[in-house]
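The values are calculated or read from the model by the stated rules, or taken from the named source; none is laboratory data. Please read these numbers as outputs of a predicted model, since none were measured by experiment. Counting neighbours? That spans all protein chains shown, and the Cβs are built from the backbone with ideal geometry, glycine included. The protein model used for the area step is the full one, side chains on, heavy atoms only, and it has no ligands, DNA or RNA in it. Shrake-Rupley method; radii C 1.70, N 1.55, O 1.52, S 1.80 Å.
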Amino acid sequence: MNQELIKARKELLAKRDVEYNLPCYLRNLAGVYYRMANYNLAMLYTSFTEGLTEEEAELPEKAKVYADKVKAYMNELAKGETVASEEMLTGLGELRRELTAAMQALTAYTDRLYLHEYALLRLEPGMEGTVEDVDSNAALEEISSFLFFDEEQEGLLARVSATVSELPVRMTKAKFMEWVRSTASVYKEADAETLDRVFYMLYSASGLYEPEGMELFPECKEALESLNALDYRSLTEEQYREARKTLEDVTEFITAVSEVYFSLTEITNNLMTVMLTEGYVMPADTEATACCRDIYRMLFEGKDFTDVELVEAFEVFEGIPEEIEEFLFTEEAYFDELPVEDKLLEAMLQKVLYTRVAYARRLHTTSIFVTLEEETKKEASFEQMLDEFCEAVTKVLESGQRAVNRGVMARVIQNLPLPFTRKSDIQKYVLAALENCHDMSEKTAAMRAIRELAEGM
């Protein structure tokens with residue numbers, strides 16, 4: 001696709017003529033990211049503005065503020081007056097951090113609300129009068145036909161993990177903590193990044209993850225406090241229906257708001273990429289993205305335009321983003337192999353460009369909330385992290401209601417490796433979980449959830 005870039009990269013990897021090939025490679029790669037970000041921006045912002053009109057009145061005030069900030073940056077881009085100033089980049093970086101914090105808060109609320117959804121769903125058959133007479137052995141046979149229809153290992157483990165998370169949980173707190181310590185031990189020799197990811201998932205599953213920014217959503221806080229106040233042991237039908245309504249309303253709110261924040265973060269990432277790279281791109285890159293600036297102007301100049309005109313503007317680069325994506329999929333793998341060190345970059349005055357291209361590369365990953373700087377985290381051993389988690393989740397189980405605690409246990413079990421892989425051991429666990437549950441409403445709910453899994457997998 002970009003033969004000059006490919007040639008420069010090959011020469012760099014061979015450590016030939018680095019003084020010429022390094023800036024050549026970096027400028028060309030910056031141009032590729034610049035093009036991709038502009039094409040993405042044109043598509044993303046057009047879709048965002050089309051969808052925002054109907055929903056804008058329902059957005060939280062903070063989301064409107066963020067949307068207005070993004071609009072202001074896009075307006076500058078439309079006027080062609082961006083200069084990629086440090087002030088603009090700092091502002092975009094701060095906006096991105098705030099959007100990420102908001103999404104983390106919404107995720108934390110979702111995790112906590114799920115535990116109440118788990119409890120309410122297991123009450124549903126009894127409240128709705130749809131309890132089935134579930135025979136444990138017949139249920140085991142039904143579940144086994146779903147689990148073992150294909151014994152390819154990866155698919156089997158995914159089905160078993162999902163099924164175990166829906167089965168009734170009948171463990172004492174002590175037995176559960178023993179399970180956690182035993183199954184988590186496989187991570188004892190894992191690297192720091194893996195441990196961070198594993199324990200983040202465990203804290204989230206337990207409803208223990210509490211990021212900054214949760215105060216941004218009083219609607220979620222109020223709904224959660226209302227559900228936390230329920231006594232699941234003596235819930236009346238009226239209280240059950242009110243709780244379901246509360247859960248449905250707050251879930252709908254989180255879904256709608258999350259979509260807005262997700263879109264704004266995608267747009268912000270591409271705005272940052274454009275502004276990081278625009279000072280280094282070739283004239284050909286500017287020319288190739290002129291069609292994008294035409295679209296920006298159509299959106300911001302306030303002049304009427306037809307759908308046909310907009311479609312024609314998009315047709316100019318039809319198929320090109322896919323070609324760039326395919327090119328970058330291969331090319332990005334070489335970036336970390338470049339024979340460059342800080343001393344060399346500084347001597348060649350390429351440190352700033354290299355850093356900006358590295359940021360653009362990270363912004364291009366599938367994780368839109370990726371951090372741009374390597375985070376410095378305090379060193380902690382596996383044993384310390386496990387002890388801290390076990391202490392925290394023990395407090396949750398000691399203070400929580402049994403119906404919600406079972407949801408905590410189910411989610412934690414789902415996020416840990418299973419201690420069994422043989423068919424007979426899996427079936428033994430399933431049968432024990434069913435036989436030890438004497439609440440037919442919960443048993444019915446579990447089987448319905450597993451049937452839904454079977455239909456969807």
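Each label point was placed 7 Å from the Cα along the Cα-to-Cβ direction; for LYS245 and GLU154 their separation is 4.7 nm. Of LEU44, LEU349, the order by accessible heavy-atom surface (1.4 Å probe, DNA, RNA and ligands excluded), from most exposed downward, is LEU349, LEU44.
Stretching the chain fully between LEU418 and GLU210 yields a gain of 72.2 nm (0.36 nm per residue, less the alpha carbon separation). Rank ILE295, ALA333, THR255 by how far each Cα sits towards the positive end of the charge dipole of the stretch 230-341 (+1 on Lys, Arg Cβ; -1 on Asp, Glu Cβ) and give me just the farthest. The listed residue farthest towards the positive side: THR255. Projecting each Cα onto the charge dipole of the chain (Lys/Arg +1, Asp/Glu -1 at the beta carbon, about the Cα centre), which of CYS220, ASN270, GLN153 comes out farthest on the positive side? So the residue furthest toward the plus end is GLN153. Counting only alpha carbon atoms, the long axis of helix 351-363 and the longest principal axis of the chain meet at about 40°. Positive end of the charge dipole of the chain (Lys, Arg +1 and Asp, Glu -1 on Cβ, about the Cα centre): tell me which of VAL198, MET74, SER234 has its Cα farthest that way. It is VAL198. Based on C-alpha pairs under 8 angstrom that are at least 6 apart in sequence, the chain has a relative contact order of 41 percent.
Does anyone have the angle between helix 402-414 and the longest principal axis of the chain? Alpha-carbon axes, 0 to 90°, nearest 10? Compared with the principal axis, the helix lies near 50 degrees. At full extension, SER381 and TYR20 could sit 125.4 nm farther apart than now, given 0.36 nm per residue minus the alpha carbon distance.
With the simple model of a label 7 Å out from the Cα in the direction of the Cβ, ARG402 to GLU322 spans 5.7 nm.
Rounded to the nearest 500, the helix-only mean residue ellipticity at 222 nm of the chain stands at -24500 deg cm²/dmol, with each DSSP H run of n ≥ 4 adding -39,500 (n - 2.57).
Under 23 Å of direct C-alpha separation, and excluding same-chain neighbours fewer than eight residues apart, LYS351 reaches these lysines: LYS7, LYS10, LYS15, LYS343. Dipole magnitude for the stretch 336-409: computed about the Cα centre from +1 point charges on Lys and Arg Cβ and -1 point charges on Asp and Glu Cβ, it is near 460 debye. The charge dipole of the stretch 355-457, taken about the Cα centre with unit charges on the Cβ atoms of Lys, Arg (+1) and Asp, Glu (-1), comes to about 440 debye, rounded to the nearest 20.
Axis of helix 290-300 versus longest Cα principal axis of the chain: the two differ by about 60°, to the nearest ten degrees.
With all protein chains kept in place, the per residue accessible area of the chain amounts to 52 square angstrom at a probe of 1.4 angstrom.
In a simple Cβ point-charge model (Lys, Arg +1; Asp, Glu -1; nothing else charged), the chain has a dipole of about 1320 debye relative to its Cα centre.
Kirkwood hydrodynamic radius computed over the chain comes to 25.7 Å, based on all pairs of distinct alpha carbons. Computed from the Cβ-Cβ distance with R0 of 41 Å, the FRET efficiency linking GLU222 to GLU189 stands at 0.40. Going by accessible surface with a 1.4 Å probe and the largest first, PHE300, PHE146 read PHE300, PHE146.
Determine the sum of side-chain charges near ALA102: Lys and Arg each +1, Asp and Glu each -1, restricted to other residues whose C-beta is under 12 angstrom from that of ALA102. For residues surrounding ALA102, the net value is 0. On the basis of the beta-carbon distance and an R0 of 45 Å, GLU287 and THR107 show a calculated FRET efficiency of 0.65.
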